[in-house]
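Asks: The structure that follows is given in the form of structure tokens.
Each value in this text was obtained by applying a stated rule to the coordinates, not by laboratory testing. Remember, predicted model here, so these are calculated numbers, not experimental data. Cβ sites come from the backbone with ideal geometry, for glycine too, and all protein chains shown count toward neighbours.
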Amino acid sequence: MRYSPLTRRDFVRGAATVGVGVWVCAPGETAPAASPNEKPDVGMIGVGGMGAGNMQGIVDAGGTVTVLCDADANTLKAATAKRYAEAFQATKTYADYRKMLEAEKKLSAVVVSIPDHHHAFATMMALKLGRHVYCEKPLTHSVWEAREIVKASARAKVATQMGNRAHSSEGLRRTVELVQAGAIGHVKEVHCWSDRPIWPQGIDRPADTPDPPPHLDWDLWLGPAPERPFNPIYHPFRWRGWWDFGTGALGDMACHIMDVAVWALKLGSPTSVEAEGEPRKPETAPLWSAIRYQFPPRSGGLPAVKMTWYDGKKGEALHQPPPEVTDGIKLQTNGTIFVGEKGRIYCDLGGAPQRFAADAPRDPKEKEFKEPPPSLPRLLNGNHYIDFLTAVKGGPKAGSSFEVAGALTEIVLLGNVALRAGKRIEWEGATLKAKNCPEADPFIRRDYRKGWAL
């Protein structure tokens with residue numbers, strides 16, 4: 001195949017046409033008229049790791065962080081240190097987000113940056129109280145929760161956004177435009193991959209049961225998850241590979257990486273999902289996995305699509321698409337390849353798309369493909385937080401609102417359902433059922449610890 005040198009030049013030219021420092025709307029939209037002086041009060045649920053980054057992102061985008069919440073007192077202490085205090089203006093702290101949401105009635109919005117198993121609970125409560133919500137990816141811990149959050153957000157009629165920040169990037173939106181404009185013809189195959197996990201996976205539960213540190217409310221941290229003794233293998237951060245708390249490499253990265261394919265190809269519920277991964281352990285995600293999704297034909301004459309996900313390492317090598325798919329394309333550690341009838345498009349995580357024309361001779365009657373002008377909205381620097389706060393102020397709905405993010409999260413988490421069920425599942429999206437696999441039910445909708453209900 002041959003690389004089209006026009007793609008990158010036209011990408012830059014297209015980016016320049018969308019302006020600098022302003023919201024640029026798709027044809028027919030009206031730019032928001034919110035006052036630039038408005039600074040919504042935002043509460044942070046989770047202030048370590050990604051939570052700290054989200055705090056800075058909200059402040060830089062024009063929000064005011066006034067309340068902090070975390071079950072780890074040391075994490076709260078670090079977030080309220082002098083170097084943060086002036087920037088975030090946070091005057092109140094809580095350990096329990098339920099108490100925070102009940103007490104802080106003047107909060108405009110909350111940002112949820114806690115472990116996956118709490119996402120739906122904090123988000124649902126905030127929605128019921130009429131707060132705008134930005135929730136980290138994946139939106140929920142289970143497929144059923146994702147569907148319930150979408151319903152709740154529709155009832156609440158508030159601004160929402162999932163934290164898959166590449167959704168707002170120029171590169172991802174340009175890729176969507178190229179695919180939908182027919183740059184490589186109909187796409188029947190797409191491949192997505194990640195270098196994760198970079199945390200412990202493929203292991204058994206530790207035998208030792210040390211006391212939790214005094215600065216951590218372990219019972220509160222467990223929340224809806226099954227009871228188990230504390231161990232530093234879970235907190236801080238290393239919870240992601242444990243099924244009770246996290247959603248593995250797929251849950252961590254696919255909401256970023258699969259997003260471009262789901263958007264560009266207008267993918268809905270798959271009809272089947274099958275998975276493999278080794279080694280298999282009952283409580284943790286595997287060291288590597290391959291997930292194969294089959295999507296049906298879509299309206300507008302769009303054909304069926306097979307999407308394959310790869311993660312982790314097999315031996316010393318990253319688990320990525322095979323050579324017959326990549327065909328010499330130099331891959332980054334995270335990315336997507338669209339395989340079309342007239343070529344391929346490759347993009348890394350939010351980066352500029354590269355279009356590769358097919359080696360087959362072109363039909364002389366076929367017109368040369370012309371790069372389409374930008375048609376999707378852009379934000380300055382692709383800022384996902386500005387997108388959210390603009391919606392909070394009454395502007396256009398955020399790009400990764402829960403209506404969009406919930407459907408994406410369902411697709412992503414179905415890979416884990418198939419992985420944990422250990423067999424190919426035939427999926428019925430309308431009923432949230434694996435028709436051939438009743439043993440998958442506990443992975444579609446989990447049980448909660450006593451005292452917790454969504």
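Asks: Output the helices (runs of 4 or more DSSP H) that fall wholly within segment 247-345 and possess 3 or more residues being in contact (Cβ under 8 Å) with a residue 24 or more places away in the chain and either among the hydrophobic types (A, V, I, L, M, F, W, C) or touching a Leu at 6+ places or on another chain (Cβ under 6 Å) (or both), or say none.
Replies: Counting at least 3 such residues, we get 248-257, 259-264.
Asks: Within segment 414-422, does at least one residue satisfy the condition of being small (Gly, Ala, Ser), under 30 Å from residue 132 (Cα atoms) and in contact (Cβ under 8 Å) with a residue 12 or more places away in the chain?
Replies: Yes: one or more hits.
Asks: Identify the residue in segment 197-239 that is out of contact with any His (no Cβ under 9 Å at 6 or more places or on another chain) and among the aromatic types (Phe, Trp, Tyr) and, among all such residues, is nearest to residue 74 (Cα to Cα).
Replies: That would be 237.
Asks: Another question about this same structure. For segment 117-129, check the following and say yes or no: at least one residue is in contact (Cβ under 8 Å) with a residue 24 or more places away in the chain, of a type outside the set (Asp, Glu), in a loop (DSSP other than H, G, I, E, B) and closer than 23 Å to residue 215 by Cα.
Replies: No; the residues of segment 117-129 include none that is in contact (Cβ under 8 Å) with a residue 24 or more places away in the chain, of a type outside the set (Asp, Glu), in a loop (DSSP other than H, G, I, E, B) and closer than 23 Å to residue 215 by Cα.
Asks: From the residues in segment 312-359 that are surrounded by fewer than 19 Cβ atoms within 10 Å (Cβ to Cβ) and hydroxyl-bearing (Ser, Thr, Tyr), which one is nearest to the chain's Cα centre (by Cα)?
Replies: Among those that are surrounded by fewer than 19 Cβ atoms within 10 Å (Cβ to Cβ) and hydroxyl-bearing (Ser, Thr, Tyr), it is 333.
Asks: Filter segment 139-168 down to residues that are surrounded by 24 or more Cβ atoms within 10 Å (Cβ to Cβ) and part of a loop (DSSP other than H, G, I, E, B), then give me how many there are.
Replies: 7
Asks: Inspect segment 444-451 for any residue being touching a residue at least 60 places away in the same chain (Cβ under 8 Å) and surrounded by 22 or more Cβ atoms within 10 Å (Cβ to Cβ) and give the result as yes or no.
Replies: Taking every residue of segment 444-451 in turn, at least one turns out to be touching a residue at least 60 places away in the same chain (Cβ under 8 Å) and surrounded by 22 or more Cβ atoms within 10 Å (Cβ to Cβ).
Asks: Continuing with the same structure: Just wondering, is there one or more residues in segment 404-421 that are of a type outside the set (Lys, Arg) and part of a loop (DSSP other than H, G, I, E, B)?
Replies: No; the residues of segment 404-421 include none that is of a type outside the set (Lys, Arg) and part of a loop (DSSP other than H, G, I, E, B).
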